[in-house]
1. Would you mind stating whether residue 204 is touching a Phe, Trp or Tyr at 6+ places or on another chain (Cβ under 7 Å), within 15 Å of residue 45 (Cβ to Cβ) and of a type outside the set (A, V, I, L, M, F, W, C)?
2. Considering only residues of region 154-207 that are within 18 Å of residue 127 (Cα to Cα) and free of Cβ contacts under 8 Å to residues at least 12 places away in the same chain, which is nearest to the chain's Cα centre (by Cα)?
3. State the number of residues belonging to region 119-136 that are of a type outside the set (Gly, Ala, Ser) and either touching a residue at least 24 places away in the same chain (Cβ under 8 Å) or surrounded by 16 or more Cβ atoms within 10 Å (Cβ to Cβ) (or both).
4. Could you check, for region 98-108, whether at least one of its residues is touching a residue at least 40 places away in the same chain (Cβ under 8 Å), buried (at least 21 other Cβ atoms within 10 Å of the Cβ), among the polar types (S, T, N, Q) and within 15 Å of residue 51 (Cβ to Cβ)?
5. For region 73-174, which fully contained strands (runs of 3 or more DSSP E) count at least 3 residues that are within 17 Å of residue 194 (Cα to Cα) and not hydroxyl-bearing (Ser, Thr, Tyr)?
Amino acid sequence: MISMKSISTSCLNSLRSSNLIRRLLIACFFITASQLTHAGLKEDLGTGAYVLMMRHADAPGYSDPDGYNLSDCSTQRNLGEAGKTQAQMIGQWLKTQGIESAQVFSSPWCRCKDTAALLNKGVVTVEPSLGSFFENRSNRQGQTRLTQIKIAQLLKTSPREPVIMVTHQVNIQAFAGQSVSSGSMVLVKVNASGQYVSHQLINHPHP
């Protein structure tokens with residue numbers, strides 16, 4: 001028969017192990033971050049011609065459960081612990097690139113809002129045009145156009161302040177033609193109308 005004491009000891013050891021792994025991941029991140037830099041990222045984002053698009057951090061699963069509700073996070077596919085750590089690490093990495101704060105916009109989906117908040121770059125504003133159209137591809141063109149309009153407005157009114165948009169794979173694919181993994185970022189150059197000109201993947205450390 002297994003005693004409560006042995007169970008408690010086992011749980012405590014597991015917790016200690018998890019905390020140790022987390023600390024090791026963070027330590028490795030800072031070592032890697034010192035080696036991975038993106039020359040001119042801060043400067044590019046301050047020219048009024050670029051935005052940083054990011055896919056939400058790791059969220060286990062595929063799509064969302066049937067009947068999900070955007071106003072209820074518990075009904076959606078959400079960030080796992082690895083995803084939360086990933087978002088925090090990316091926020092720290094951006095800091096090493098000189099980006100202390102930004103205009104941060106997010107899809108209405110909770111995994112995007114949580115990712116945006118964990119970047120710790122400022123107040124997160126929900127932007128409907130960044131919402132996923134994975135289950136309704138007919139919205140692709142319309143939402144992409146609305147994202148272009150939003151970008152044009154932002155870069156016209158505050159061209160020197162970095163813009164970070166946390167969204168979904170399908171949105172980034174539609175806007176920039178780039179397939180990205182969870183937590184990946186794309187530096188997108190746009191014209192005065194917010195339309196795509198070119199892009200480059202941002203090399204940053206992953207947990």
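1. Considered against the rule, which asks whether it is touching a Phe, Trp or Tyr at 6+ places or on another chain (Cβ under 7 Å), within 15 Å of residue 45 (Cβ to Cβ) and of a type outside the set (A, V, I, L, M, F, W, C), residue 204 comes out as yes.
2. 173
3. 9
4. The answer is yes, given that some residue of region 98-108 is touching a residue at least 40 places away in the same chain (Cβ under 8 Å), buried (at least 21 other Cβ atoms within 10 Å of the Cβ), among the polar types (S, T, N, Q) and within 15 Å of residue 51 (Cβ to Cβ).
5. Numbers: elements: 103-106, 124-126, 163-167.
Fully inside region 73-174 and qualifying: 103-106, 163-167.
Just so you know, all these numbers are worked out from the coordinates, no wet-lab data involved. Note that the coordinates shown come from a computational prediction; the quantities given were computed from them, not determined experimentally. As a convention, Cβ positions derive from the backbone with ideal geometry for all residues, glycine included, and neighbour counts pool all protein chains shown.
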